[in-house]
Each structure stands twice: as C-alpha cells, then as structure tokens.
Amino acid sequence: MSPASKKLFNIIILGVSFMFIFTAFQTCGNIAQTVITNLNNTDFHGSGYTSMSIIYGVFSASNLVSPSVVAIVGPQFSMVVSGIFYSLYIAVFIQPATWAFYTASVFIGIAAAVLWTAQGNCLTVNSDENTIGRNSGVFWALLQSSLFFGNLYIYFAWQGKTHISESDRRTVFIALTVISLVGTVLFFLIRKREDTKAPGEEDSTNEILGDSSSAESKMTRAVAAFKKSIKLSFTKEIMLLSVTTAYTGLELTFFSGVYGTCIGAVNRFGSEEKSLIGLSGIFIGVGEILGGGLFGLLSKNNRFGRNPVVMLGMVVHFIAFYLIFFNMPNDAPIAPMRGTDDVAYMIPSKEVAIFCSFLLGLGDSCFNTQLLSILGFLYSEDSAPAFAIFKFVQSICAAVAYFYSNYFLLQWQLLIMVVVGFFGTITFFTVEWEAAAALAARGSDYSSI
C-alpha cells in the first residue's frame, strides 16, 4: 500500500471510529432531555441542558491542556481512552443517578477535549495542502453518518409513544454503549505516522507524534504544545476565526439538543411527537452527510476557495431559522413535561419541522468542513494546538448556549445565532482572502485548497 493510500486509510478509519462513537453520543444528546423529563417524577433530578453545559464548560477549559496530553501519550492512545469515557457517560443512562450523571459529564468534558485535539492532529498529519479539503469532507461525512443510524432506530422504536418507559430507556442505552465501545476499539487500526510517511518526508509534527521513551522529552513536547496554544490564541487569524467557531458552538447546541426538545414538546404533533425527534435527527444527518460528501468531492475543483461554501451555510441556516420562528411555539425549548399547546405564526407543520432539520445539518457541514480545512491548511505544523483552540472556543460557546437554553424563549435563541452567524461569516471571509493572497505569493494554485 502506497503512503498516500495509507493516509487515506487512516482518514477513513478515523471517520468510521467517530461515526460509531457519535452514533451513540449524538443520539444520546438528542434524546437526553426528553428521557430525563420522563424521569423527573422519580428520585432522579438531573437536567439534560445542565449536563451539556457542564460537558462543554469542562471541554473548553480542558482544551488548554489537551495538546500537552496528546504530546505525552500520543494521539492514538488519547482517542482510545477518550472513547472509553464516552461509553461510560452513555452507560449512566441505563440506571440513572443524579450524582453519576453530573460526574460523568465532567469526565466526558475532559475526554472530549483530548479526543478532538488528537483527531485534528491525526487529520492534519495524514493530509497535505492538496488533500486537506477532500479529507476534511470525507471525515465529516463519515462522522455525521452517526446522526442517521442512531436516530433511525429512535424513530422506529419510539413510534407512537408519548411516554418513554424504563424498559425502552434501558434497551436504547445498552445498545448505544456497545456501539460506542466498537468505535473506540477501531482506533487501534489507525497506522502511526512513521508507517505512513514517504521516504525522505520531513516529520514536521514529531513534537506531537514522536515515540521517544524519554520522559524528559515528552514533558518538553507537552510544555511546547501548551506554549504554542497560548501563542496561537493571540494571532490575527485565530482571533478572526474564533467568531466563526463561536457560531458553530451556538448552532451545535441548537440542532443537537434544543431543536429535538422543541419538536418533542409540541403537542399538536400528536402521538408522533417523540418519534419525530428521531426523524429530525435523521434529516440533520442527511444534511451533514450530503454537505460533507459534496464539499469533499468538489474541493479539488473549487477555484473559488472556501468562501462560497460558508456563504451557502449562512444562507441555508438563516432560512432554517426563519421557518423555525414561524413554525415552532416560542416556549417549546422550556416547555414542561406535558408539552406546549401554543402556536407560533402558523399551525405547527411536521413537514416544515423536518425540512428545517435537513437545513440545519447542511448548514452546519458548510461551516465545519471549511473550518477544519482552513485550520489544517494554515497550521499544518501546529495542528494540535490550533485544533485545541478551535474546540476551546466552540465548546465554551456551546456551554453558554446550553445554559441559556434553560431560560430563553425560542425567538431569543434564534436571534443570537443570526447575529453571531453573520459576523462569523464576515470574519471567515477575511481570513480566507488573506490565505488566498499568501498562497498566490508562493505561486501555488488556489483551487487546490
């Protein structure tokens, strides 16, 4: 197998592993608040929104040290251990206890920071400036296939149910735990950097992936990774991209947790309201997969760069927000267990609700594939710190969004996303134009990115 084929193999294994883990985790996040609402008349008194706020809050703080962790233990082992913690979090729902639920939320926040930093490093070292766009799209399409499979099961398993029984809950979460563990095991198939490097190729990322047995050497790499994270945080490009990243954190919260809860709370959807949560997740996944696959395939022939894709993402999301504003009751995100009988500006339509799910997924893939691509392109030699900063900003904004989702009506949540999304698009354009100018100065072909 040629070095290029081995690198593509690594990207595919990375994507499939994430697909399994996030089939479990994203399905869990999509149904968590609905399941917990059905538990709150027992001894369990947790909140899905609060749990996600803890996860993303810890996630954001942990990104400050995750490059150091990856430098010490290596990206492969980092992803394996992180996958185990994801499985433990999901397993908590089999027999929920409030203390275990919130404790697991803290640990998965730490694990998530390490997992995504290692993923960004693995993606970058298996790509170059000609393949980073394709590989970002392939990875994203495989990752977001997770939304399809888990939610397809929820749709059929919960068809016609207005209450989630203890048996229903245990069956779902035992299955999700096993699926997460399968994805964790698959990380062992990823070939190490030295196995995929072409003869004579410089190892520009040996500070992260080196296998030195010297403890002093590992600590040196850890300190260097931390210093690079701090230094990169204050560069012009990272500060501008942080606005775009902040938007992805806000809309991630909305489509992965809040929107499903809104659908499940609308009583006018009748007995289908709970199964529609699964169908919504499926169509979010369809949008994500379509976007990731399409932008991955087109990246080699895209003479205009990344900006048109990001513009498409903004337009698609704004259309979705407009339709959701008209279709969903304003109190849907914070409705009690009995749901809401309120009406917005139209009679709630299942078809419009599911169409908006597709638009949310498609728009999210536009932003995230292009952010992954531009970070891998700009910071090919500092990938772990750069991706750690990306996840730091994204996760802290997601934590804030999950916190205010407990209190804000739908209209205010949509307004916040519209404002941040608009400015995030402008700042991304600025960085992309500067990247294009730098590439032209080097005499490279801009369409190759």
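For S127, the accessible surface of its heavy atoms amounts to roughly 20 Å² (probe 1.4 Å, protein chains only, rounded to the nearest 10). Using a probe of 1.4 Å on the protein chains alone, the accessible area found for D128 is around 80 Å². Taking all protein chains together and rolling a 1.4 Å probe, V431 ends up with roughly 0 Å² accessible.
Cα extents for segment 1-191 along the principal axes, largest to smallest and rounded to whole angstrom: 57, 35, 23.
Pairs of C-alpha atoms in segment 317-390 farther apart than 19 Å represent 54 percent of all such pairs.
Between V343 and A97, the modelled label-to-label distance comes to 4.8 nm, taking each label 7 Å out from Cα in the direction of the beta carbon. By accessible area, using a 1.4 Å probe on protein heavy atoms only, segment 1-191 has 71% of its surface on carbon and sulfur.
Quick one: ranking W140, W99, W412, W433 by accessible area, 1.4 Å probe, largest first, what do you get? Could you put the intermediate results ahead of the total?
Values: W140 20, W99 185, W412 130, W433 155 Å².
Per-residue accessible area, sorted high to low, gives W99, W433, W412, W140.
Accessible area per residue (1.4 Å probe, heavy atoms of protein chains only) ranks I426, I54 as I426, I54, with the largest value leading.
Subtracting the Cα-Cα distance of A224 and V178 from 0.36 nm times their residue separation leaves 12.8 nm of extension gain. Phi-derived couplings, Karplus 6.51 cos²θ - 1.76 cosθ + 1.60 at θ = phi - 60°, listed residue by residue for segment 140-156: 5, 5, 5, 4, 7, 4, 4, 5, 6, 5, x, 6, 4, 5, 4, 4, 6 Hz, with x used for Gly and Pro.
How much length is gained if the chain between K231 and Q411 is pulled fully straight, taking 0.36 nm per residue apart and subtracting their Cα-Cα distance, in nm to one decimal? Each step should come with its number before you reach the end.
Numbers: separation 180, 0.36 × 180 = 64.80 nm, distance 3.80 nm.
This chain segment gains 61.0 nm when fully extended.
Applying 1/(1 + (r/R0)^6) with R0 = 51 Å to the Cβ-Cβ distance of M239 and E166 gives a FRET efficiency near 0.55. Surface listing: D168, D364, D341 arranged by accessible area from highest to lowest gives D341, D168, D364, probe 1.4 Å. Percent of accessible area on segment 232-440 owned by carbon and sulfur, 1.4 Å probe? Whole-percent figure for carbon plus sulfur exposure: 71.
The values are calculated or read from the model by the stated rules, or taken from the named source; none is laboratory data. Values in this document were obtained by computation on a predicted structure and should not be read as measured data. We place every Cβ from the backbone using ideal geometry, glycine too, and count neighbours over all the protein chains shown. Surface areas here come from the heavy atoms of the whole protein model, side chains and all, with no ligands, DNA or RNA. Shrake-Rupley method; radii C 1.70, N 1.55, O 1.52, S 1.80 Å.
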